[in-house]
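Written below as structure tokens is the structure these notes are about.
No lab work stands behind these numbers, since they all come straight from the coordinates. If you're wondering where the values come from, they're calculated on a predicted model, not measured in any experiment. Please note: Cβ atoms are built from the backbone with ideal geometry, for glycine as well, and neighbour counts cover all protein chains shown.
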Amino acid sequence: MIPELGHFALILALCLALVQAGFGLAGAFWRREDWMAVTRPAVAGHFVFVALAFGCLVASFVANDFSLHYVAMNSNSALPTFYRVAAVWGAHEGSLLLWIVVLAAWTLAVAIFSRGLPTPFGARVLAVLGLISAGFMTFTLATSNPFLRLMPAAADGNDLNPLLQDFALAIHPPILYTGYVGLAVAFSFAIAAMLEGRLDQHWARWTRPWTTVAWMFLTIGIALGSWWAYYELGWGGWWFWDPVENASFMPWLIATALIHSLAVTEKRGLFKSWTLLLAILGFSLSLLGTFLVRSGVLTSVHAFATDPARGLFVLIFLFLSIGGALALYAWRAPKLGSSSGFEMWSRESFLLFNNILLVVAAGLILFGTLYPIFVEWLQLPKVSIGAPWFTWAFLAPMLPLIALLGFGMHAAWKHARMAQHKKPLLIGLGLALLAAIVIAVAVFGSAAVLTIVGLTAGLWLLYSSLRDPIARMRRGHSLSPSVLGMAIAHFGVGLFVIGVTGVESYKIQKDMPMRPGDVAEVGGYQFAFRGLRNVNGPNYVAVEGEFRVTRGDREIATLHPQKRMYRVQQGAMTEAGISVGWTRDLFVALGEDLGAGAWSVRVQYKPLIRYIWLGALIMALGGIVATTDRRYRTVKASEPVSQGAGAPAGGVAT
Amino acid sequence: MKRLLATLALAVVCAGAFTAHAIDAVEGFDDPKLQARYDKLTSELRCLVCQSGSIAESNALLAADLRREVRSMLAAGKTDDEIRRFMTDRYGDFVLYRPPFAPRTWLLWFGPALFLLLGGFVAFRVVSRRAAMVASDADDPGAPDAMIEGEQVDRPRRTRAP
Amino acid sequence: MWKYVLPLAGFGLLVVAFYFGLQRNPSVIPSPLIGKPAPVFSLPNLHDPQAQVSNANYRGRPYLLNVWGTWCVGCRQEHDLLNEIAQSSPVPMIGLNWKDDSELAKAWLEQLGNPYAATAVDQEGRVAIDWGVYGAPETFLVSADGQILHKHVAPLTREIWERDFVPKISAAIGIPAPAAAGAQP
């Protein structure tokens, strides 16, 4: 009964989404106020029914309704309740429904918070969001229905993939989707502007907070995935350039470029066609990611059920939506001109370089991810492109970006006026270099060129990002959330760079057989294997080892790595024992029972690795802080619109 | 449907395999240089069972076998190139995570430089056009010069009106 | 203003590439050994561990090599077809029991039928690596002079057998390919 209710709710939601889209677009085109007025209620209804459908699926999981095919494939009666809920988005059909729910929620948020938008524009934005939702719902109902019954019902289910039975991974999809889908808002704003034939500084100001919030969720979602992979997969890596990881990273890079481009468009009315294109590309890459994961075009550990039939459906949807947006762009963008100038060294030019480098990075990742397909298409011998190429391709634009970032933060609009900043920044750079060399040699004992470059860049970024806020506070000036947010976010980038450089330069890993009583020495720490015991979990049994970690005569930690056997899926899982610290992680994982009391064990020393995720979190924090700026709170539709002329930014902001 | 089942089976195997076989049961090399070469080689060879990780990380039995082969070849004094060729002779270039530098991958390896050149060209075009506009900026009379984030540089903190 | 059409054009190219990508299976790895000499091996016989099975003994006539294991789901799927092929095909089939338990393997063959002229036991996996095996089941066709003519990964189906193997076998033996498999003269 409940699944049927959910199914029906989804169908109703589809109808409402079509109403939302149809009335919104038609009403805006023919300037019919009464038609446009239908969109907001339609959005509300759409959300209610989508939430209802989702709720029905969740209820079916929690109640262990194994007469539903999807529940039987992904859950089990022994699965703890929290993971029964997480299992809802554990596979293809349910994760699509999650996509739809998140999109409906974003659309509702836009409807609520954008009352001040000019009516036709607002109606168009909601209409485009409705079209996207309708596309996804049609795809779900036609090819990927989670409410299909299993006749006869299964006695019990297949259990959730043990890999997914983990807190971080359970919340990773909702957070990631909130980011991915949030980029649809900027996309819709872009399409609405193109349909209107008008794009100005107001438009940039309206779009910016939505984009920053989506970007923030995407940052946290990606960081969560990376952190999870590190502690769960048992061997300490944090990024693999897997096609699906790349698919999530490209929107992030474009979204970062978009936020910065919006800043220029908002402040100076420039880069309009750039901003427009980035807004389209951001969500397009999100959609592309959806396609890659579900179509079987590329092999990936993340891939859902790979079904070319579904893949074709998504490809058609992609073709229509992205193709349509880019066609609109080709038509409208040429008319967006502006005649303001800026000097070669100015905030605008730094932001231009920043965006170009980010787009180059995203483009290279896309290039590397898709290159194997092109090679096969040309019937040449298959190639595989992995971390060695991606690291090199990513560093190429990123190193210049980081170098420019330290200076760019202080550039003024139009004329950079760097004279007052040059000396302190160069002194800072020198100090950072010194500190980097000291750290590399004294603490870690070796100094490769790239390591010094990375540590110097990271430390210098920390200094550079704090310089301006501190100087302002000293002079008794107010610190707007925008300025503070920017400083925090860039500070986060510095931490991230330090973390990556530290762990990749100085990590140590050792595999060895160990018996209780043996002591392993890694990175100056001693790992004493004390013994094993058996443990019973809710849906697994495990062997747990005890390792006492010391440094000289100082006690550091006791670690309990486990090797779990999940009863239903008969899969074994490693749970590493990790000691977290301000300067390093210590990592122990159990391998195989070698017999005669010996086990193969992997011990790792991971210096500075936590700063990778801490840096990402702080970047996200910077994003939130920046969004709270007063100028985003009130949206006044009646403000004068000036296209092309570089209206004083100060006048608009107050 | 069959392909779906096969994929599902593979997924379960790979998922269930994410555990322990990745860890070698033998001590590492005494010679740190050999150990470093071993780590590097195994991290750049793709595991062909799950195809989404290197043989250093994979828990598939084939990966363990291949690591064993790499280990014995290193101990026998083979060079890195010889070891890689052993693998590509049997599995093709697909087994290498570092794509070979061959005519069909020239575009790939030169890609970063090409993209950067293109980006640089675009930057140059835009900046030179805009810098020229600064001189003839008649329609921007009110824009203050040094402005960051909408605030004048030296504007004192606003005091609350009594 | 052609530069504004570039994104659309680039995207179009992408869509075409994806359409092509959907047609093929990304996990199939073409073998570099096709057309090359088959690696010679000598391994213990499953049914008589003291004796050796070697493909050197099959020089002079074409043969099939089937890689299998009792742990392999797909092998079970194709086994009935293999039994049929063993009955009807003029070409012998050598089995390569890969990383398996010999007792289980023997019981399996007894229970389900033994299509193999001989079964070699590859416990270490070294021979499988030499043949570029990456997942069971895999089936190879080797020519009379020891060249690998064809390799199929994944369970064998009648369709694949008739389409890919039968014509090559007929060519290898030197008789014209039959119009339909199983057609008796």
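Computed quantities for the displayed model
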{"quantity": "Long pairs among A:Lys335/C:Lys3; A:Lys382/C:Lys99; A:Lys563/C:Lys99; B:Lys33/B:Lys78; C:Lys36/C:Lys168, criterion Cα-Cα beyond 19 Å", "calculated": "A:Lys382/C:Lys99; A:Lys563/C:Lys99"}
{"quantity": "Average beta-carbon neighbours from other chains, 10 Å sphere, peptide B:104-117", "calculated": "6"}
{"quantity": "Eligible lysines near A:Lys422 by straight Cα distance, threshold 25 Å, same-chain separation 8 or greater", "calculated": "A:Lys267, A:Lys414"}
{"quantity": "Fewest-first ranking of C:Ile175, A:Ile578, A:Ile171, using other Cβ atoms within 10 Å as the exposure measure", "calculated": "C:Ile175, A:Ile171, A:Ile578"}
{"quantity": "Lys, Arg +1 and Asp, Glu -1 on Cβ, resulting dipole of chain A about Cα centre, debye, nearest 20", "calculated": "2180"}
{"quantity": "Average other protein chain Cβ within 10 Å of Cβ, residues A:336-343", "calculated": "5"}
{"quantity": "Spherically averaged projected area in nm², based on the convex hull that wraps the Cα atoms of the range A:242-383", "calculated": "9.9"}
{"quantity": "Student exercise, the range A:508-607 dipole from Lys, Arg, Asp, Glu Cβ charges, in Debye to nearest 20", "calculated": "120"}
{"quantity": "Cleavage-rule hits (chymotrypsin sites (Phe, Trp or Tyr not before Pro)) in the range A:15-75: DSSP loop, at most 12 neighbouring Cβ within 10 angstrom", "calculated": "A:Trp30"}
{"quantity": "On Cα atoms only, tilt of C:73-88 relative to the major axis of chain C in degrees", "calculated": "60"}
{"quantity": "Charge dipole of the range C:26-124 about the Cα centre (unit charges at C-beta), most positive-ward option of C:Pro39, C:Trp68, C:Ser102", "calculated": "C:Pro39"}
{"quantity": "Fluctuation leader among C:Phe165, C:Phe11, C:Phe41 - chain C, Gaussian network, Cα springs under 10 angstrom", "calculated": "C:Phe11"}
{"quantity": "Positive-end residue of A:Leu312, A:Ala59, A:Thr207, charge dipole of chain A with Cβ unit charges", "calculated": "A:Thr207"}
{"quantity": "Bins of 5 Å, starting at 0 and running to the largest distance - Cα pair percent for the range A:1-115", "calculated": "2, 13, 19, 19, 15, 11, 8, 6, 4, 2, 1, 0"}
{"quantity": "At q = 0.21, 0.23 Å⁻¹, base-10 log of I(q)/I(0) for the range A:508-607 (Debye sum, equal scatterers on each alpha carbon)", "calculated": "-1.04, -1.19"}
{"quantity": "Signed unit charges on C-beta, dipole axis of the protein assembly as shown, positive-most listed residue A:Leu18, B:Ala36, C:Ala56", "calculated": "A:Leu18"}
{"quantity": "Choice from C:Ala136, C:Ala56, C:Ala38 with maximal GNM fluctuation in chain C (Cα, 10 Å cutoff)", "calculated": "C:Ala56"}
{"quantity": "MRE, 222 nm, helices only [DSSP H, n ≥ 4, -39500 (n - 2.57), over chain A, to nearest 500]", "calculated": "-21000 deg cm²/dmol"}
{"quantity": "Principal axis dimensions, the range A:406-460 - Cα atoms, whole angstrom, descending", "calculated": "45, 16, 12"}
{"quantity": "Exercise: per-residue mean of other protein chain Cβ atoms within 10 Å, C:130-143", "calculated": "3"}
{"quantity": "Alpha-carbon Debye profile of the range A:45-180, log10 I(q)/I(0) at 0.09, 0.13 Å⁻¹", "calculated": "-0.30, -0.59"}
{"quantity": "Most fluctuating residue given options C:Gln87, C:Gln23, C:Gln52, as computed from a GNM of chain C linking Cα atoms under 10 Å", "calculated": "C:Gln23"}
{"quantity": "Relative packing of A:580-587, B:62-69, A:250-257, which averages over residues the other C-beta atoms within 10 Å, highest first", "calculated": "A:250-257, B:62-69, A:580-587"}
{"quantity": "Largest-first principal axis extents, alpha carbons of the protein assembly as shown, Å", "calculated": "102, 70, 56"}
{"quantity": "Using distinct alpha-carbon pairs, which all enter the 1/r mean, Kirkwood radius of the range C:27-169 in Å", "calculated": "15.0"}
{"quantity": "DSSP-defined beta bridges in the range C:33-173 - what % are antiparallel, rounded to 5", "calculated": "60"}
